[in-house]
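The values are calculated or read from the model by the stated rules, or taken from the named source; none is laboratory data. Owing to the predicted nature of the structure, the values given are computational and were not obtained by experimental measurement. No Cβ is skipped: glycine too gets one built from the backbone with ideal geometry, and neighbour counts run over all protein chains shown.
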Amino acid sequence: MELAGIKLKNPVMVASGTFGWGREYSDYLDLNKLGAIVTKSITLKPREGNPPPRIVETPSGMLNSIGLQNEGIEHFLKEDLPFLAKFDTPTIVNIAGESVEEYAELAKRLSKETTVKGIEVNISCPNVKKGGMAFGCDPKLTKEVIAAVRKATTQPVIAKLTPNVTDITVTAKAAAEAGADVLSLINTIVGMSIDIETGKSRLGSLTGGLSGPAIRPIAVRMVYEVTHAVKIPVIGIGGIMSGSDAVEFFLAGAKAIQVGTANFVDTEAAIKIIKEIDDYVHRYPRALNFS
């Protein structure tokens with residue numbers, strides 16, 4: 001199948017922030033069997049991330065507050081991308097920045113790399129020039145950053161949408177109008193967990209992003225809404241733990257899906273989901289269309 005020019009063996013990708021740079025999982029599953037690998041977010045300069053604790057388990061999910069810890073694009077290009085180049089699986093690089101200029105510069109740098117087949121733009125990041133408002137919470141900022149990335153690269157641009165908005169179709173339309181080739185949704189939902197013995201948050205940064213099965217019905221609903229609001233392809237994300245979970249997203253209109261939290265539960269989750277989707281297609285050959 002093909003998604004905005006990205007050739008995929010199957011519609012199952014691994015989600016950014018849950019699969020490292022691929023190397024971390026390479027001893028546990030065959031990376032060549034994946035539809036695509038979406039890297040952890042990279043930034044122009046190294047980031048230390050948020051103070052610990054950074055992860056806490058919640059009913060049917062987890063909260064994370066990693067804070068985009070990474071060693072920056074220079075390290076990524078030198079150490080991580082060459083490893084990913086060994087595999088016959090498309091590499092999609094997730095980028096994050098604190099300004100429109102940073103996003104554009106990252107896209108420009110990555111455009112020179114033949115191993116990179118697409119750029120996923122994390123617009124849940126705060127824009128320091130606009131008082132910290134996340135790019136994806138304001139359609140004008142969404143349009144501004146996606147337009148800058150689109151101008152800086154000829155590679156497929158995937159806008160990853162935040163669910164922490166009143167109406168996700170508004171930002172979806174803004175991203176599409178700005179030149180995004182694909183939309184991926186949803187990113188995590190802001191949540192909080194308090195230790196009743198200490199009276200303090202269980203996370204070092206107070207709040208974090210909720211992921212896992214707890215958010216799946218919300219994600220399916222938002223994918224359905226967005227696929228009816230825009231004409232570009234949508235990648236569904238949110239609590240996909242099995243093939244049947246993935247099929248829900250396809251029936252809601254998604255053309256591909258990303259597996260995230262499930263990777264922490266079972267390192268082979270994505271491979272198992274690929275097989276379960278294939279089994280479903282054999283039972284209902286006309287139910288899904290991956291063309």
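For the range 157-210, what are the residues that are of a type in the set (A, V, I, L, M, F, W, C) and assigned to a strand (DSSP E or B)?
Correct list: 157, 158, 159, 182, 183, 185, 189, 190, 194, 210.
Looking at 188, 207, which is the one that is exposed (fewer than 15 other Cβ atoms within 10 Å of the Cβ) and touching a strand residue (DSSP E or B) at 6+ places or on another chain (Cβ under 6 Å)?
Testing whether each residue is exposed (fewer than 15 other Cβ atoms within 10 Å of the Cβ) and touching a strand residue (DSSP E or B) at 6+ places or on another chain (Cβ under 6 Å) leaves just 207.
Step by step: first the residues of the range 87-99, then only those that are of a type outside the set (S, T, N, Q) and over 19 Å from the mean Cα position of the chain (by Cα), then the one that is nearest to residue 49 (Cα to Cα). Which residue is that?
Within the range 87-99, the match that is nearest to residue 49 (Cα to Cα) is 87.
May I ask you to list pairs of residues, at least six apart or on different chains, whose Cβ atoms are under 7 Å apart, with the first in the range 149-169 being on the phi < 0 side of the Ramachandran plot and the second being acidic (Asp, Glu)?
Close Cβ pairs (under 7 Å, with a partner that is acidic (Asp, Glu)) amount to 156/181; 157/181; 158/120; 158/181; 160/120; 168/225; 169/225.
Of all residues in the range 263-277, which are part of a helix (DSSP H, G or I) and in contact with a helix residue (DSSP H, G or I) (Cβ under 8 Å, 6 or more places away or on another chain)?
263, 269, 270, 271, 272, 273, 274, 275, 276, 277
Going by what's in this entry, would residue 112 be described as modelled with pLDDT of 95 or more and among the charged types (D, E, K, R)?
no
Restricting to the range 30-69, count the residues that are in a loop (DSSP other than H, G, I, E, B) and acidic (Asp, Glu).
2
In the range 109-126, how many residues are of a type in the set (Asp, Glu) and either at positive phi or crowded, with 20+ Cβ neighbours inside 10 Å (or both)?
1
Going by the structure shown, is residue 95 closer than 23 Å to residue 142 by Cα and either modelled with pLDDT under 95 or in contact with a Lys or Arg (Cβ under 9 Å, 6 or more places away or on another chain) (or both)?
Answer is no for this residue.
Among what's in the range 17-29 and is among the hydrophobic types (A, V, I, L, M, F, W, C) and in contact with a Ser or Thr (Cβ under 7 Å, 6 or more places away or on another chain), pick the residue that is surrounded by the fewest Cβ atoms within 10 Å (Cβ to Cβ).
Filtering the range 17-29 down to residues among the hydrophobic types (A, V, I, L, M, F, W, C) leaves 19, 21, 29.
Narrowing the set further to residues that are in contact with a Ser or Thr (Cβ under 7 Å, 6 or more places away or on another chain) leaves 21, 29.
Working: 21: 20, 29: 18.
Filtering first and then ranking leaves 29.
Would you check if residue 106 is surrounded by 21 or more Cβ atoms within 10 Å (Cβ to Cβ) and farther than 21 Å from residue 187 by Cα?
For residue 106, the condition - surrounded by 21 or more Cβ atoms within 10 Å (Cβ to Cβ) and farther than 21 Å from residue 187 by Cα - is not met.
Search the range 252-267 for residues that are of a type outside the set (Val, Ile, Thr) and pair each with any residue that is assigned to a loop (DSSP other than H, G, I, E, B) when their beta-carbon atoms are under 6 Å apart and the residues are at least 6 apart or on different chains.
Within 6 Å, the pairs are 255/233; 256/11; 258/15; 260/15; 260/18; 262/241; 263/18; 263/19.
Can you name every residue in the range 1-16 that is out of contact with any Phe, Trp or Tyr (no Cβ under 8 Å at 6 or more places or on another chain), buried (at least 21 other Cβ atoms within 10 Å of the Cβ) and part of a loop (DSSP other than H, G, I, E, B)?
15, 16, listed by residue number.
If I go through the range 72-91 residue by residue, how many of them are in a loop (DSSP other than H, G, I, E, B) and in contact with a Ser or Thr (Cβ under 8 Å, 6 or more places away or on another chain)?
1
Hey, does the range 51-60 have a residue that's touching a residue at least 40 places away in the same chain (Cβ under 8 Å), in contact with a strand residue (DSSP E or B) (Cβ under 9 Å, 6 or more places away or on another chain) and basic (Lys, Arg)?
Yes, the range 51-60 contains a residue that is touching a residue at least 40 places away in the same chain (Cβ under 8 Å), in contact with a strand residue (DSSP E or B) (Cβ under 9 Å, 6 or more places away or on another chain) and basic (Lys, Arg).
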